[in-house]
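The values are calculated or read from the model by the stated rules, or taken from the named source; none is laboratory data. Keep in mind the model is a prediction, meaning the values are calculated, not measured. Neighbour counts run over all protein chains shown; Cβ positions are idealised from the backbone, glycine included. To get the accessible areas, we keep the full protein, side chains included, count just its heavy atoms, and leave off ligands, DNA and RNA. Shrake-Rupley method; radii C 1.70, N 1.55, O 1.52, S 1.80 Å.
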Amino acid sequence: MSGSVLTLNAGSSSLKIALFRPDDEQPIATGMADRIGGDCVLTVKDASGTILSERRGAALQGATHEAVLQALVTILTEVRLAQDIAAVGHRVVHGGLVFTTPTLVGDDVLSQLAALEPFAPLHQQHNLAGIRAAQRAFPDALQIACFDTAFHRSHPFVNDVFALPRALYDEGVRRYGFHGLSYEYVTQKLAILRPELHAGRVIICHLGNGASACAIHDGQSIASTMGFSALDGLPMGTRCGQLDPGVMLYLLQQKKMTPDAIADLLYKQSGLLGLSGLSNDMRVLEASDDPAAKAALDYFVFRIRREIGGLAASLGGLDALIFCGGIGENSRLIRARVCSDMEWLGIAIDPVRNASNETILSAQLSPVAIMMIPTNEEIVIARAAFGMIDRQKALRLRGQGDLPPL
Ligand code: ADP
């Protein structure tokens, strides 16, 4: 086994793959399937972004995750890229309290992960469907799960708990935090770019369709805006962010909404889309002169600034503020608005650097370094998978057999 790694990110209606060779952090191919379960479209590109294959139509209409993964594998096989896949690395949203590092998946781990489905009902089942499909497509490959919650398991008790009866905490109702693979990537990159900042007090704002912010001290997560679910904290493309639980009671008791209808409201109809009534896409909102679009942006910016204040208080000060995610990496407007009038916290952005999207965005004399670091969750997964392949090889060399999948 010379060993390529396939990374797989399975969402409710999408599936993203990337194929990595050893010692190369640029994927040699990427694939994307959108609208799974409906009018599915499947695209595979090479390293330069050239489309190798695009498929749609009756054969993919209503196809399952497994059928879609099989179609992606068929394309990779046709273009002679699938033959030496030694490991498949999976993004898994929830690792609960147990899984704090990348984990080799066997039947036992799979059933432990399935037991966490009630904690992440909209995501976990799809991640696990991706693992099962990959087990069938690549029966000889290692399957490695990498968890979005793992990075945050270092939270101190006060940032891990809700003020509910203690029994609920003990059964797992905790602030898990998410986007951990993104925070891990950015933190590792910071350690290379600016080790003195990595050792200090850092806030990372991951602003994409999902959005959260995380307080990190010496590389360790100490607080995150996302909590028990990926709904809490910042408003997002279609998710509400922080919400008084009394609103939920009102929806249930007075408006007699069903739990499914509430889930749909909070996950799919709220956030930027709900407030603007226009779009969940930041580019559309920025280009619009509709007052409702402006109000949605005002709320988004206000909540980010408020959370930065709170996270800085958790850290006892701030050395670096980092933006990532589709909005954080591209929206000059949002970065400028988040950082305006923040000198009281030592935050001063340089408008020219911000406009030209540089890595360092802070003004010369800004006490807090402001940075833009493009995130890359796939690389974190690929590194973990290559690490597991290396461990397997080392065991075989020593004649100690294979890594036992747990
Ligand atoms: P996901 O959470 O699905 O991975 P992304 O990180 O890709 O999402 O972020 C998607 C968001 O980034 C969208 O709201 C999109 O409008 C926004 N975005 C992408 N490019 C730009 C840009 N040039 N200016 C402003 N917003 C942008």
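Comparing PRO195, PRO245, PRO121 in a Gaussian network model of the chain (Cα springs below 10 Å), the most mobile by mean-square fluctuation is PRO245. By how many degrees, between 0 and 90 and to the nearest 10, does the Cα long axis of helix 291-315 differ from the longest principal axis of the chain? Taking the Cα atoms of the chain, the angle to 291-315 is about 80 degrees. As a length-normalised measure over Cα pairs under 8 Å and 6 or more apart, the relative contact order of region 105-186 settles at 26 percent.
For the options ALA263, ALA215, ALA150, a Gaussian network treatment of the chain with springs between C-alpha atoms closer than 10 Å singles out ALA263 as fluctuating the most.
Taking the longest Cα principal axis of the chain as reference, the axis of helix 259-268 is set at about 80 degrees.
From largest to smallest, the equivalent ellipsoid semi-axes obtained for the chain from the alpha-carbon gyration tensor read 34, 25, 24 Å. Taking ILE262, ILE308, ILE381 in turn, the Gaussian network model of the chain (Cα-Cα springs below 10 Å) assigns the largest fluctuation to ILE262.
Dipole check for region 195-372: with +1 at the C-beta of Lys and Arg, -1 at the C-beta of Asp and Glu, and the Cα centre as origin, the magnitude is about 340 Debye. Candidates GLN125, ASN159, ILE144 compared by Cα position along the dipole of region 125-280: farthest toward the positive end lies GLN125, with charges placed on Cβ.
For the chain, the fraction of 1.4 Å probe accessible surface lying on carbon and sulfur atoms is 54 percent. If one takes the longest principal axis of the Cα atoms in the chain, at what angle in degrees, from 0 to 90 and to the nearest 10, does the Cα axis of helix 377-397 lie? Its long axis makes an angle of about 40 degrees. Computed from point charges on the beta carbon alone (+1 for Lys and Arg, -1 for Asp and Glu), the dipole magnitude for the chain about its Cα centre is near 140 Debye.
The mean accessible area for residues of the chain, using a 1.4 Å probe and ignoring ligands and nucleic acids, is 45 Å² per residue. Work from the charge dipole of the chain (Cβ charges, +1 for Lys and Arg, -1 for Asp and Glu, about the Cα centre) and give the residue of LEU403, SER314, VAL98 farthest towards its positive end. Selected residue: VAL98.
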